[in-house]
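Visitor: Handing you a structure now.
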Amino acid sequence: MNYKLEGTPNSPVLIFSNSLGSTMDMWEELVPFLLPYFRVLRYDTRGHGGSPVTTEPYTIDQLGQDVIDLMDRLSIEKAFFCGLSMGGLIGQWLGIHRPKRFYKIVLSNTGAKIGDDERWNTRISTISENGMESIVDASIDRWFTDEFKAKTPKRVAQTYDMFLSSPVIGYSNCCAAIRDADFRDSLSKFSAEALVITGDQDLVTNVEHAEFLVSQIQDAELKILPARHLAATELPEEYSEALIDFFVGESTFERGMHVRRTVLGNAHVDRANSKINELNGDFQEFISHYAWGEIWTRPGLSKPNRSLITLAMLIALNREAEFKMHVKAAFNNGVSLDEIKEVIMQASLYCGLPAANEAFHKTEEVLKEIVEG
């Protein structure tokens with residue numbers, strides 16, 4: 001299975017599952033918005049991109065089990081999940097058969113049953129005889145609004161090429177999986193919390209499809225975006241916001257507390273919260289809201305880079321306690337000891353040798369504390 005895992009090791013994992021005829025690259029624009037909150041795991045569905053192409057027709061059971069196998073391979077016990085179209089069918093299978101492996105699931109631009117046998121058999125026959133070129137134009141028209149195609153021709157061209165690169169056998173076998181998938185009578189068994197996303201101009205899985213999913217799943221809500229079928233590609237920022245709202249929370253305080261815990265660790269945040277009183281309560285809320293909810297969540301810098309910058313500033317300001325705390329945070333963010341050493345060496349030139357010397361001592365104290373548990 002071809003995959004890409006990005007983000008800091010202390011963050012929860014968010015898995016993306018692509019649509020038919022696309023690859024994990026369809027999620028590319030979303031990643032910067034989501035990395036402050038998650039480790040982002042993208043993969044190519046069987047028969048697509050760099051993943052294996054096998055000759056037998058696939059089933060949704062297989063495609064769903066592929067996700068579980070990948071999680072097991074990467075030692076991911078539990079994750080968030082977002083699947084679009086075919087990926088949404090996979091998400092339905094996961095929510096029915098493996099709900100305990102997921103915190104929450106997003107079913108995007110999908111349906112309990114997509115199309116009918118005749119439609120899928122015709123498509124399989126067409127590409128088997130004439131190749132992917134024979135259906136690419138119609139597919140792109142279903143995927144994107146005319147406005148998006150006019151405004152972003154480069155992105156549309158990339159998607160066009162991505163579609164044409166799909167192996168005919170892999171695409172056909174996934175068509176068979178979609179053709180045979182039907183969750184209309186089993187969604188009552190879907191026991192994970194769900195968000196259903198659709199586009200108000202989706203020509204493949206329309207609002208009615210989405211409303212049916214919401215009506216059948218016990219704990220589900222609906223989000224309608226002004227887009228066609230590939231809503232994530234058309235509206236990456238708005239789509240990312242919808243995911244963060246659902247997975248983390250809508251308020252900057254909720255988002256800040258989420259990031260604060262991933263960076264500083266639950267134990268540290270719990271200790272800080274246990275000491276909240278009438279005097280410092282507003283200050284603690286200020287920290288979570290502005291420092292962690294407004295600044296640390298900005299997509300312009302990675303969390304490791306923010307950690308390194310923070311360490312340098314704390315050396316300059318001679319804030320020893322905060323420096324130690326952020327050394328631990330830097331490790332949580334995937335910063336290496338060598339990188340911390342280089343920050344201190346750089347600081348020795350511009351902040352002074354005594355400041356750097358103290359920073360080395362404090363880093364050694366942190367390392368000792370980690371070893372001693």
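Read-outs throughout are calculated quantities, based only on the coordinates presented, and are distinct from any laboratory measurement. Bear in mind that the values here come from a model prediction, so they are computed numbers and not experimental data. For neighbour counting, all protein chains shown are included, and Cβ atoms are generated from backbone atoms with ideal geometry for every residue, glycine included.
Visitor: What value in Å³ per residue do you get for the convex hull of the alpha-carbon atoms in the range 187-317?
Guide: Normalising the Cα hull of the range 187-317 by residue number yields 150 Å³.
Visitor: Calculate for the chain the 222 nm mean residue ellipticity that helices alone would give, adding -39,500 (n - 2.57) per DSSP H run of length 4 or more and normalising by residue count, nearest 500 deg cm²/dmol. Please list the in-between numbers first.
Guide: Working: 18 runs with 199 residues, N = 373.
Using -39500 (n - 2.57) per qualifying helix, the result is -16000 deg cm²/dmol.
Visitor: Measure nothing but the geometry: give the 0 to 90° angle between the long axis through the Cα atoms of 207-216 and the longest principal axis through the Cα atoms of the chain, rounded to 10°.
Guide: Result, in degrees: 70.
Visitor: While we're on this one: Would you please give the residues with an amide H less than 5 Å from that of Glu193, counting only those at least 5 places away or on a separate chain, with H modeled from the backbone geometry?
Guide: Excluding prolines and chain starts, which carry no amide H, the hits are Ile105.
Visitor: Here's something else I'd like to know. For the range 297-351 and the range 13-41, write down the distance between their C-alpha centroids in whole Å.
Guide: 28 Å
Visitor: Only Cα pairs under 8 Å and at least 6 apart count here; give the relative contact order of the chain as a rounded whole percent. Let's see the in-between values first.
Guide: Numbers: 657 pairs, mean separation 64.0, N = 373.
About 17 percent, as a whole number.
Visitor: Roughly speaking, what is the centre-to-centre gap between the range 143-217 and the range 44-94 when only Cα atoms are used, to the nearest Å?
Guide: 15 Å
Visitor: Of all beta bridges DSSP finds with both residues in the chain, what is the antiparallel percent, to the nearest 5?
Guide: If I count the DSSP bridges inside the chain, around 15 percent turn out antiparallel.
Visitor: Please give me the summed charge of the neighbours of Glu234: other residues whose Cβ is under 11 Å from its Cβ, Lys and Arg +1, Asp and Glu -1. Present the calculation step by step, with values, prior to reporting the outcome.
Guide: Details: positive: Lys149, Lys151, Arg155, Arg228; negative: Glu29, Glu147, Asp202, Glu237, Glu238.
Summing Lys and Arg as +1 and Asp and Glu as -1 gives -1.
Visitor: Taking the Cα atoms only, what angle lies between the long axis of helix 153-164 and the longest principal axis of the chain, rounded to 10 degrees?
Guide: That works out to roughly 60 degrees.
Visitor: Defining a contact as two alpha carbons under 8 Å apart and six or more residues distant in sequence, what relative contact order in percent does the range 154-245 show?
Guide: Worked out over the range 154-245, it gives 24 percent.
Visitor: Where does the charge balance sit around Ser288 when Lys and Arg score +1, Asp and Glu -1, over other residues with C-beta under 15 Å from its C-beta?
Guide: Values: positive: Arg255, Arg260, Arg261, Arg271, Lys275; negative: Glu250, Glu254, Asp270, Asp282, Glu285, Glu294.
Charge balance near Ser288 sits at -1.
Visitor: For Lys104, which lysines qualify as cross-link partners when the Cα separation must be under 26 Å and same-chain residues fewer than eight apart are set aside?
Guide: Lys4, Lys78, Lys113, Lys189, Lys223, Lys303
Visitor: Here is a further query. Consider just the alpha-carbon atoms of the range 252-372 and return their Rg together with their Dmax, both in angstrom.
Guide: Looking at the range 252-372, its Cα Rg and Dmax stand at 14.7, 42 Å.
Visitor: How high is the relative contact order of the range 252-372, given as a whole-number percent (alpha carbon pairs under 8 Å, six or more residues apart)?
Guide: Over the range 252-372, the number comes to 26 percent.
Visitor: To the nearest whole percent, what portion of all C-alpha pairs in the chain is separated by more than 28 angstrom?
Guide: Beyond 28 Å sits 50 percent of the P(r) for the chain.
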